């Protein structure tokens with residue numbers, strides 16, 4: 001399994017990096033929507049939709065909602081030179097933050113909380129839209145940052161987010177495997193440990209320190225970055241555990257089988273669905 005994970009990661013990572021840095025904005029937005037569509041296809045299983053036509057309806061609805069945001073919040077005008085990001089986009093990010101706060105409450109009270117949503121397909125569908133659609137918005141907010149002046153600045157922001165999540169995942173995996181004894185959320189994901197979580201935080205913090213030295217950050221910038229790192233790594237675990245909660249309720253191990261050794265697309269982007277909107281909002285508030 002580990003060998004498969006490594007091989008898949010070695011194939012995916014260069015592709016992801018190339019797309020982030022070299023895809024034109026509209027092509028990047030389209031590719032991202034396609035990934036969201038696959039995520040919606042997999043999310044439909046959490047709703048108990050096993051019929052292909054029903055799952056396609058959910059995918060089509062998700063893509064339509066995303067396309068409407070694309071139409072009414074044009075990518076080319078994401079950033080307004082005089083005022084920053086449009087209020088509508090900022091509102092979408094805040095709605096996402098509200099959803100993840102609710103998700104945290106549902107997760108910490110699971111399985112009792114499942115009585116509220118487990119048998120209601122519409123509620124689970126809405127949870128899926130709140131998870132997937134703001135992720136697309138957040139990615140576009142980050143990617144288009146200062147694009148007219150420096151087409152790679154937004155790509156660097158996105159790459160830093162990916163590196164934070166990846167380093168936290170790697171640190172959590174190896175520390176958890178080697179030293180994990182105390183369960184983090186046994187009712188949701190028995191494999192997650194407190195030691196693994198702390199290993200992920202330390203790993204991401206080391207990355208941030210290295211980046212800070214390379215970019216010659218000031219002391220204040222170091223403090224802000226480390227606080228954001230702590231927040232992002234914690235939110236990353238929330239995204240992972242939330243998906244685990246839905247999978248456990250649905251009685252499935254992986255969201256899909258499209259990525260050998262990793263499961264489905266949701267299994268790979270669950271942390272990013274939670275961290276991207278929060279990271280984008282932190283950048284808006286602190287930059």
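With the alpha-carbon atoms as the only input, what is the per residue convex hull volume for the stretch 190-258 in Å³?
Numbers: hull volume 6.9 nm³, N = 69.
It is 101 Å³ per residue.
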Square roots of five times the C-alpha gyration tensor eigenvalues of the stretch 158-225, ordered largest first and given in whole Å, equal 27, 11, 10
Footprinting proxy, 49, 65: sorted fewest to most Cβ within 10 Å, the residues are 65, 49
If each part is reduced to its alpha-carbon centroid, the stretch 6-49 and the stretch 173-187 end up apart, in Å, by 28
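Using the count of nearby Cβ atoms within 10 Å as a rough guide to exposure, how do 270, 150 rank from fewest to most? It would help to have the intermediate numbers written out before the result.
Working: 270 27, 150 11.
With the sparsest Cβ surroundings first, the list reads 150, 270.
Normalise the Cα radius of gyration of the stretch 122-261 by 2.2 N^0.38 Å (N = residues in it) and let me know the number.
Values: Rg = 17.1 Å, N = 140, 2.2 N^0.38 = 14.4 Å.
After normalising by residue count via 2.2 N^0.38 Å, the value is 1.19.
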Placing each pseudo-label 7 Å from Cα in the direction of the beta carbon, residue 146 and residue 170 end up separated by a distance in nanometres of 2.6
Note: the stretch 127-194, point scatterers on Cα, Debye, no solvent; log10 I/I(0) at q = 0.12, 0.26, 0.27, 0.29 Å⁻¹ equals -0.52, -1.01, -1.04, -1.09
Computed Rg/Rh for the stretch 2-286 (Cα atoms; Rh = Kirkwood radius) stands at 0.95
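Give the order of 113, 244, 236 when sorted by the count of other beta carbons within 10 angstrom, beginning with the fewest. Kindly include the intermediate steps, with their values, before the conclusion.
Details: 113 17, 244 21, 236 29.
Least crowded to most crowded, the residues run 113, 244, 236.
Using only alpha carbon pairs under 8 Å that are at least six residues apart, calculate the relative contact order of the stretch 2-286 and give it in whole percent.
Details: 348 pairs, mean separation 67.7, N = 285.
Relative CO of the stretch 2-286 lands at 24 percent.
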In whole Å, largest first, the alpha carbons of the stretch 220-287 cover along the principal axes 45, 22, 16
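Computed FRET efficiency, Cβ-Cβ of residue 118 and residue 31, R0 30 Å: what is it to the nearest 0.05?
0.35
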So, with points 7 Å from each Cα along the Cβ direction, the residue 53-residue 181 label distance in nm works out to 5.7
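What share of Cα pairs, in percent, lie more than 26 angstrom apart in the stretch 33-165? Please list the in-between numbers first.
Numbers: 2784 of 8778 pairs.
Considering the stretch 33-165, 32 percent of its Cα-Cα pairs are separated by more than 26 Å.
Values in this text are rule-based calculations from the coordinates and carry no lab data. From a predicted model like this one, the values you see are computed outputs, not experimental measurements. Glycine gets a Cβ as well: all are built from the backbone with ideal geometry, and neighbour counts include every protein chain shown.
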